[in-house]
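A.B. asks: Structure in structure tokens, see below.
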Amino acid sequence: MESPARRPTLADVALKAGTSTAVVSYVVNGGPRAVAPLTRERVETAIQELGYRRNPIAGALSVGRSNLVGLLVPDTANGFFGELSRCFEAEGRRRGLMTMLGNTGYDDEVSEHYISGFSDLRPRGIFAMSVASGARLPVDTPFLFIHSVPEGVTAPSVRFDDLAGARTVVEHLISHGYTDIHCLAGPHTDDPASLREQGWRQAMETAGLDTAGRIHRSSFDRVVVEGDVRELLGTPPWPRAIFATTDEQALAVLRAATAAGARVPEDIALAGFDGIREATLGGVRLTTVRVPMEQLAARAFDLLDSLTAPEQDPAPGAAPASEHVVFAGELVIGDTCGCP
């Protein structure tokens, strides 16, 4: 096999065109100095013959900016994070930006590894869907939290109203006359799922319903959740209704209920949260709270633009700009809550 051809460099173009690398740079970057027409023609011919391609990262490092944005995600195998990531990539492309993706696995060390690596490439900014409050944030790169905001942080954020959305969908379950409504919560106590758990609790307590013994903690991994729920449904009586703090969990409940011989919603009513495509468009449509992922992505990029605009540069010693945007979700009635 032949060795792969070496990528042509600026120096190769300059040698073939019979000029300096500085002149080639002026042609490639459109300045800052003018180039004589005949010299420009020689450079452009050399570029075409050699197949030279401008290195955008090298250009970014020379001028202090790039067309890159970083995106930190807990796990793109999760349906919600995968769909939200695609929304960010699509919005970035629409604005002429490329998205670098890092799966953190909820690990602080991995998060800091990506933050440091992305920052070295001088991106327009970094978006983080999940970073623990103890993680070190970059001091020289705009940083925005999306979806999940650690307690006590002051960095700008764009997220969903998880508490209000959960309260709405649980109130809908209560309107069916269900009194034994369980909550399938997540493993953490400082994330969006924990806010949804609070919304469930508020709706239950406002209706005078007991919450004791009705919280069940599990993973966000659908396979793990299904195993946990199979144990919960192993012996009747089954919960009359289950509110799952994510659609991934709710879809696992559907599988576990089938394995246990329970009918949804006749035996167990079910509601989720997120509104992922599989939940709302699948064979069994889940009652859930659909969150506006495209709107969140667009607003996050707008906020990033405001942070990086020249007129927004803070004065020396001034605190960085901070803005927090919250989007409401929409209750979507499916086949699992008991509605006709």
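A short reminder: the numbers here are calculations on the coordinates, not readings from a lab. This structure is a prediction, so every number in the text was calculated from the model and none was measured. Positions of Cβ are backbone-derived with ideal geometry, glycine not excepted, and every protein chain shown enters the neighbour counts.
A.B. asks: Starting with the fewest neighbours, write out C183, C87 ranked by other beta-carbon atoms found within 10 Å of each beta-carbon.
C.D. replies: If I rank by nearby Cβ atoms, fewest first, I get C87, C183.
A.B. asks: Please work out how much length the chain gains when fully extended from N67 to H113, using 0.36 nm per residue of separation minus the C-alpha to C-alpha distance, in nm with one decimal.
C.D. replies: Result: 14.5 nm gained on full extension.
A.B. asks: Between segment 178-206 and segment 264-308, what is the C-alpha centre distance in whole Å?
C.D. replies: A separation of 17 Å, based on Cα centres.
A.B. asks: Just rank H147, H188, fewest to most, by other beta-carbon atoms within 10 angstrom.
C.D. replies: H188, H147
A.B. asks: Please report Rg (one decimal) and Dmax (integer) in Å for the Cα set of the chain.
C.D. replies: 25.9, 86
A.B. asks: Still on this structure: Could you tell me how many degrees, from 0 to 90 and to the nearest 10, lie between the Cα long axis of helix 192-206 and the main elongation axis, the longest principal axis, of the Cα atoms of the chain?
C.D. replies: So the helix axis and the longest Cα principal axis differ by about 30 degrees.
A.B. asks: Once you mark the GluC sites (Glu not before Pro) that are in a DSSP loop and have at most 15 other Cβ atoms within 10 Å, what is the longest gap between them in the chain?
C.D. replies: So the longest stretch without any such site is 3-150.
A.B. asks: Let me ask something else about it. Return the loop-located trypsin sites (Lys or Arg not before Pro) in segment 90-122 (DSSP other than H, G, I, E, B) with at most 16 other Cβ atoms within 10 Å of their own Cβ; answer none if there are none.
C.D. replies: Passing both the DSSP loop test and the Cβ count: R95.
A.B. asks: Counting other C-beta atoms within 10 Å, and keeping those with at most 12, which DSSP coil trypsin sites (Lys or Arg not before Pro) do you find in segment 180-265? Intermediate values should be presented prior to the final figure.
C.D. replies: Numbers: sites: R196, R201, R214, R217, R222, R230, R240, R255, R263; in loops: R214, R240, R263.
In loop regions of segment 180-265 (DSSP not H, G, I, E or B), the sparsely surrounded trypsin sites (Lys or Arg not before Pro) are R263.
A.B. asks: Just to confirm a number: summing +1 for Lys and Arg and -1 for Asp and Glu over residues other than V23 whose beta-carbon lies under 9 angstrom from that of V23, what do you get?
C.D. replies: Summing Lys and Arg as +1 and Asp and Glu as -1 gives +2.
A.B. asks: Ranking D191, D274 by Cβ neighbours within 10 Å, fewest first, what do you get?
C.D. replies: Placing the least packed residue first, the sequence is D191, D274.
A.B. asks: Taking the Cβ of T141 as the centre, find all other residues whose Cβ is under 9 Å away and add up their charges (Lys, Arg: +1; Asp, Glu: -1).
C.D. replies: With Lys, Arg at +1 and Asp, Glu at -1, the net is +1.
A.B. asks: Taking the Cβ of E83 as the center, what net charge do the other residues with Cβ under 15 Å away carry, scoring Lys and Arg +1 and Asp and Glu -1?
C.D. replies: With Lys, Arg at +1 and Asp, Glu at -1, the net is -4.
A.B. asks: If you don't mind, there's one more thing I want to ask. With the radius of gyration and the Kirkwood radius both derived from the Cα set of segment 116-240, what is their ratio Rg to Rh? Let's see the in-between values first.
C.D. replies: Values: Rg = 18.4 Å, Rh = 16.9 Å.
The Rg/Rh ratio comes out at 1.09.
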